[in-house]
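Trainee: Following this message is one structure expressed as structure tokens.
The values are calculated or read from the model by the stated rules, or taken from the named source; none is laboratory data. Remember, it's a predicted structure, so these values are computed and weren't measured experimentally. Neighbour counts are summed over all protein chains in view; Cβ atoms, including those assigned to glycine, are modelled from backbone coordinates with ideal geometry. Each accessible area value is taken on the protein alone, full model and side chains, heavy atoms only, with ligands, DNA and RNA left out. Shrake-Rupley method; radii C 1.70, N 1.55, O 1.52, S 1.80 Å.
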Amino acid sequence: MPLDIDDIMAEHADVLDGGEWAPPDCVARHRVAFVIPYRDRWGHLKSLLYYLIPVLKRQQIHFRMFVVEQFGNDTFNKGRIMNAAFREALKLFDFQCVTFHDVDLVPEDDRNMYSCADMPKHMSIGIDKFNYRLPYDGLVGGVLMFRTEHFQQVNGYSNMYWGWGAEDDDMTTRILHQGLRIYRPPSNIARYKMVKHDGRKVSEVSVRMKLLRSAARRSKMEGLNNIQYNLLYTHTEKLFTHFLVDIGHP
Ligand code: UDP
Ligand code: MN
């Protein structure tokens, strides 16, 4: 049965407009911003909210949800919209950590904590679609959490990857190049289901590989520090804050 957003909202009447919640009986140890890159996946977004919000409540995380949508029909550029959302989120919410969360990954285990770690934390190790095995070492795609200062230190994501492929591998290089390590929770816990979807437009392999080879060199020159975007609107929805951003053309 398809999920009804009104039912999900009713279930979470205690969430503040804009998608913020904090445990009522204590001061949470962690304030976490969620940045969800988005375009044309409303069904996925509903299921993510439906499954993720209860997990966060049980984990007693103080959170706020930010959904960032790329304006127009140009090729998707996940790095750009996530950088833009991070900058806009900083103006609206005081957070210690940020989780970049693919809209189609549903957490399976409450023990996979959305709490801040000392190092960048890759949380989606096992995905059902890949038989719960990390496809390759160094992968940080899917669900990735940073301390705010670490995300700034790595200069965010590269802005240069249009279409599917390698923007996350570029991030691996950024992290390691700064002398940070990638923390991974136990693989029997860090599990997700990927909701079915069509593949994205795949980027040219040669372009992607060329970019990857220069990832370390580019890292301080382009990313969070030079992202150009136009914030078209900020809508305060009940369960999330919705940014629509124009990031230009490939
Ligand atoms: N995404 C989206 N709409 C698109 C393409 C991508 O919302 O048309 C977002 C969404 O959060 C998705 C993420 O970008 O989970 C990664 O894209 P995708 O799932 O296509 O790639 P995968 O990592 O599964 O290969
Ligand atoms: Mn996916």
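Trainee: Which of the residues spanning the stretch 23-36 are under 23 Å from F151 (Cα atoms) and open to solvent by 10 Å² or more (accessible area, probe 1.4 Å)? Step through it out loud before you land on a result.
Mentor: Of the residues in the stretch 23-36, the ones under 23 Å from F151 (Cα atoms) are 28-36.
Within the stretch 23-36, A28, R29, H30, R31 meet the criteria.
Trainee: Taking only the stretch 44-63 into account, find how many residues are open to solvent by less than 30 Å² (accessible area, probe 1.4 Å) and farther than 18 Å from D104 by Cα.
Mentor: So the count comes out to 3.
Trainee: So which residues in the stretch 120-131 are within 15 Å of ligand 1 (Cβ to nearest atom) and assigned to a strand (DSSP E or B), if there are any at all?
Mentor: Within the stretch 120-131, H122, G126, I127 meet the criteria.
Trainee: Turning to a different aspect of this structure: Could you tell me whether any residue of the stretch 169-176 is open to solvent by less than 10 Å² (accessible area, probe 1.4 Å) and more than 14 Å from G79 (Cα to Cα)? Quick ask: steps written out before the conclusion?
Mentor: Restricting attention to the stretch 169-176, the residues satisfying the condition of being open to solvent by less than 10 Å² (accessible area, probe 1.4 Å) are 170-171, 174-175.
From what's left, more than 14 Å from G79 (Cα to Cα): 175.
Taking every residue of the stretch 169-176 in turn, at least one turns out to be open to solvent by less than 10 Å² (accessible area, probe 1.4 Å) and more than 14 Å from G79 (Cα to Cα).
To keep it simple, each residue is scored yes or no on (1) of a type in the set (D, E); (2) without any contact (Cβ under 8 Å) to a residue 40 or more places away in the chain; (3) farther than 30 Å from G19 by Cα.
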{"residue": "V154", "(1), (2), (3)": "no, no, no"}
{"residue": "S158", "(1), (2), (3)": "no, no, no"}
{"residue": "W162", "(1), (2), (3)": "no, no, no"}
{"residue": "Y183", "(1), (2), (3)": "no, no, no"}
{"residue": "K193", "(1), (2), (3)": "no, no, no"}
{"residue": "S206", "(1), (2), (3)": "no, yes, yes"}
{"residue": "K210", "(1), (2), (3)": "no, yes, yes"}
{"residue": "S214", "(1), (2), (3)": "no, yes, yes"}
{"residue": "R218", "(1), (2), (3)": "no, no, yes"}
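Trainee: Moving to a separate point now. Considering each residue of the stretch 145-161, count those that are surrounded by fewer than 19 Cβ atoms within 10 Å (Cβ to Cβ) and either modelled with pLDDT under 95 or of a type in the set (K, R) (or both), and give that number.
Mentor: Adding up the residues that qualify gives 0.
Trainee: When you check R41 against the structure, is it open to solvent by 40 Å² or more (accessible area, probe 1.4 Å), in contact (Cβ under 8 Å) with a residue 24 or more places away in the chain and touching a His at 6+ places or on another chain (Cβ under 9 Å), yes or no?
Mentor: Taking the combined requirement at face value, the residue satisfies it.
Trainee: Now for a separate question. Tell me which residues, restricted to the stretch 83-127, are open to solvent by 50 Å² or more (accessible area, probe 1.4 Å) and within 16 Å of ligand 2 (Cβ to nearest atom).
Mentor: The answer is E108, and nothing else.
Trainee: Of everything in the stretch 215-228 that's within 18 Å of the chain's Cα centre (by Cα) and of a type outside the set (V, I, T), which residue is surrounded by the most Cβ atoms within 10 Å (Cβ to Cβ)?
Mentor: Across the stretch 215-228, the extreme among qualifying residues is G223.
Trainee: Tell me, which helices (runs of 4 or more DSSP H) wholly within the stretch 153-221 include 1 or more residues that are within 16 Å of ligand 2 (Cβ to nearest atom)?
Mentor: So the answer is 167-177.
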